[in-house]
Amino acid sequence: MKLALRDVPPRAAWALEQAGVPALLARLFAARGVKSADELDDGLARLLAPDTLRGAQDAARLLADAIAARQRICVVADYDCDGATACAVALRGLAMLGAARDTLAYVVPDRVLHGYGLTPAIVDLALQQQPGLLLTVDNGIASVAGVAHARAQGLAVIVTDHHLPARDEQGTVLLPDADAIVNPNQPGCGFESKNLAGVGVMFYVLLALRGELRARGAFAQEAQPRLDALLDLVALGTVADVVKLDANNRRLVAQGLKRIRAGRMQPGVAALFAAAARDATRASGFDFGFAIGPRINAAGRLADMTLGIECLLTDDAARAAELAQTLDAINRERRQVESGMRDQAEAMLEALLGSKMGGEPPPALAIFDPGFHEGVVGIVAARLKDRLHRPAFVFARGRDGLLKGSGRSIAGFHLRDALDLVAKRHPGVLVRFGGHAMAAGCTLADDGFETFDAALQQVAREWLDAATLARTLAVDGPLAAEHFSVETVRAIDAQVWGQAFEAPVWADEVEVIAQRLVGERHLKLTLRHGGLVRDAIWFGRSEPLPGRARLAYRLSVDQYNGRQRVQLVIESMEAAS
């Protein structure tokens, strides 16, 4: 892997330092596109206004009318962490804003039985709740048939989503005929942040609803409900969905983290931190993405996402703890299933590279095995993408006989647009598809895998060049010796890092003094760096290192026998100069 040094615009770094940002953080922020300290202000007053989000005011009026009429509202959720947190935010927020508890309900699709989104089958399931209004969260923008079916049954429909809408063969955007659509990625929406997660969109709808109810005299501004109490859930769903952390999303996440660190969180969030053995007083985006989010996602992958949603909805700490432990057990099972599938997929990949590619990976990967579990195909696709730096799809056979696939991509290859092109070139192969630039899902006809594989590789050959396919890791350069401290680690961990605003990774040339395997798959290292001896670890690597190397690393605090010490966590390596 090539280590690419991030550029640090000197004017931006200087401006941040002049505004009082510590020099090290000023350089890190400037390298990530921050130009002024205003962009680092995470105050709620700095959030983008909800009235710029197209459809939010229409949705607010419909919801205010429904609350006034005691109309039953059914939330149609999704089976990932973003969908689960969005559902919890919707139900908690509507209750805070005056909706009677007995008028609120939700349904969530079963990944295997129902597939994704507001399908006609999900509408029929929701009808059992006898609603007057359906409110989708994190889905619905492509549910043309489902919305039509709901409207035909006399239901009002509000779609809140952040995914890209569908297009016809001529490229015309197809929107469902809903009573209101709230999605920053719909045509004509001037909302500045196009990167809201589904939970963020729902939070903005609640902000608009609060404004509508205030205008109707439901409460005075000084006595209005404090929706910021929901920001722990908004932060969790935003990071777990790996959306770009632009300035607005960073504010949402920062506010959520502050509340969690101060102990102000939903009982279910507290219980999930405990189940994951993470310290909530030092909560970080890393916890959301790698500890809490996966435990909620596991329910939707292997069991029933109702477990995850109920964990986030309950106000009973004991019940929350019980549900969190159940989710933890499901997550352990998920890891076992994933590990077996990943090993099998890598074996298939090795055979493919050896027999057909002469050792060179194709520009895009597609793997299918009838024994794969469709609940974890996305995770396995992500692992393959990371290993080979190629867009990757992994497929399993669904109960209906169709092939259910999930894909992950690299920068420069818009996955949903690629699927759209495959569908146009090979009509009938893709039964349905949707998603984002970096992650997407699709369903294939039973005999469509080979055609899809060839078509995806053809698109990749057309769109990807050697420079894009070369694996690089952006690094922040060498780290001065005075910054190797617990205080530095704490200062960095206190910031909001994530997709498109990555946590710092440094690179230095070091001498490897000693190395040994721990746990059979991790490399424990003793390094000489700048004349000083340092401890380091490389998780998931068993091959020994040369005597000298340029290592890319992040810092962490290792606690042992009550002592704290800084260690390097190695991410990658280049040959020494």
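Mind listing just one residue for me: the one in segment 1-52 that is in a helix (DSSP H, G or I) and acidic (Asp, Glu) and, of those, nearest to ALA480 (Cα to Cα)?
Initially, segment 1-52 is screened for residues in a helix (DSSP H, G or I), giving 10-18, 23-31, 37-40, 44-46, 50-52.
So of that shortlist, the ones also acidic (Asp, Glu) come out as 17, 38-39, 51.
Numbers: GLU17: 18, ASP38: 28, GLU39: 26, ASP51: 46 Å.
Checking each candidate, the answer is GLU17.
Please specify each residue of segment 269-307 satisfying the condition of being β-branched (Val, Ile, Thr) and without any contact (Cβ under 8 Å) to a residue 24 or more places away in the chain.
Matches in segment 269-307: THR281 only.
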Open item on the list: Of everything in segment 348-376, what is assigned to a loop (DSSP other than H, G, I, E, B), modelled with pLDDT of 80 or more and open to solvent by less than 60 Å² (accessible area, probe 1.4 Å)? Give them in sequence order.
Closed with: PRO361, PRO362, PRO363, ALA364, ASP369, PHE372
- [ ] Within segment 63-91, work out how many residues are open to solvent by 10 Å² or more (accessible area, probe 1.4 Å), within 30 Å of ALA440 (Cβ to Cβ) and at pLDDT 95 or above.
- [x] 1
Open item on the list: Take ASP232 and tell me if it is in a helix (DSSP H, G or I) and without any contact (Cβ under 8 Å) to a residue 60 or more places away in the chain.
Closed with: yes
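Each row is one residue, and each column tells you yes or no for (1) touching a Lys or Arg at 6+ places or on another chain (Cβ under 6 Å); (2) buried (at least 17 other Cβ atoms within 10 Å of the Cβ); (3) of a type in the set (A, V, I, L, M).
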{"residue": "ALA481", "(1), (2), (3)": "no, no, yes"}
{"residue": "PHE484", "(1), (2), (3)": "no, yes, no"}
{"residue": "THR488", "(1), (2), (3)": "no, yes, no"}
{"residue": "ALA491", "(1), (2), (3)": "no, no, yes"}
{"residue": "GLN495", "(1), (2), (3)": "no, yes, no"}
{"residue": "GLY498", "(1), (2), (3)": "no, yes, no"}
{"residue": "TRP506", "(1), (2), (3)": "no, yes, no"}
{"residue": "VAL510", "(1), (2), (3)": "no, yes, yes"}
TODO: Report the residue count in segment 137-153 for those that are open to solvent by 10 Å² or more (accessible area, probe 1.4 Å), closer than 25 Å to ALA208 by Cα, among the small types (Gly, Ala, Ser) and free of Cβ contacts under 8 Å to residues at least 40 places away in the same chain.
DONE: 1
Open item on the list: Only one of LEU327, LEU313 is open to solvent by 10 Å² or more (accessible area, probe 1.4 Å), under 21 Å from the mean Cα position of the chain (by Cα) and either farther than 22 Å from THR238 by Cβ or hydrophobic (A, V, I, L, M, F, W, C) (or both). Can you tell me which?
Closed with: LEU313
- [ ] Output the number of the condition that ALA270 fails; it satisfies all remaining conditions of (1) assigned to a loop (DSSP other than H, G, I, E, B); (2) farther than 30 Å from LEU62 by Cβ.
- [x] (1)
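Here's a check for you: in segment 538-577, which residue that is basic (Lys, Arg) and open to solvent by less than 90 Å² (accessible area, probe 1.4 Å) is farthest from ALA514 (Cα to Cα)? Walk me through it before giving the result.
Applying the first criterion (basic (Lys, Arg)) to segment 538-577 yields 541, 548, 550, 554, 563, 565.
Restricting the remaining residues to those that are open to solvent by less than 90 Å² (accessible area, probe 1.4 Å) gives 541, 550, 554.
Working: ARG541: 15, ARG550: 16, ARG554: 19 Å.
That would be ARG554.
Could you please find all residues in segment 298-309 being open to solvent by 10 Å² or more (accessible area, probe 1.4 Å), modelled with pLDDT of 95 or more and either aliphatic (A, V, I, L, M) or within 17 Å of the chain's Cα centre (by Cα) (or both)? Please lay out each step first, then the result.
If we filter segment 298-309 for residues that are open to solvent by 10 Å² or more (accessible area, probe 1.4 Å), which is where we start, we get 301-304, 306-307.
After this cut, where a residue has to be modelled with pLDDT of 95 or more as well, the list is 306-307.
Passing the criteria: only LEU307.
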- [ ] Looking at (1) of a type in the set (D, E, K, R); (2) open to solvent by 30 Å² or more (accessible area, probe 1.4 Å); (3) within 21 Å of LEU91 (Cα to Cα); (4) assigned to a helix (DSSP H, G or I), find the lone condition where ARG264 falls short.
- [x] (4)
- [ ] Look at GLY398 and say whether it is more than 21 Å from GLN499 (Cβ to Cβ) and under 26 Å from the mean Cα position of the chain (by Cα).
- [x] yes
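The values are calculated or read from the model by the stated rules, or taken from the named source; none is laboratory data. Please read these numbers as outputs of a predicted model, since none were measured by experiment. Glycine gets a Cβ as well: all are built from the backbone with ideal geometry, and neighbour counts include every protein chain shown. To get the accessible areas, we keep the full protein, side chains included, count just its heavy atoms, and leave off ligands, DNA and RNA. Shrake-Rupley method; radii C 1.70, N 1.55, O 1.52, S 1.80 Å.
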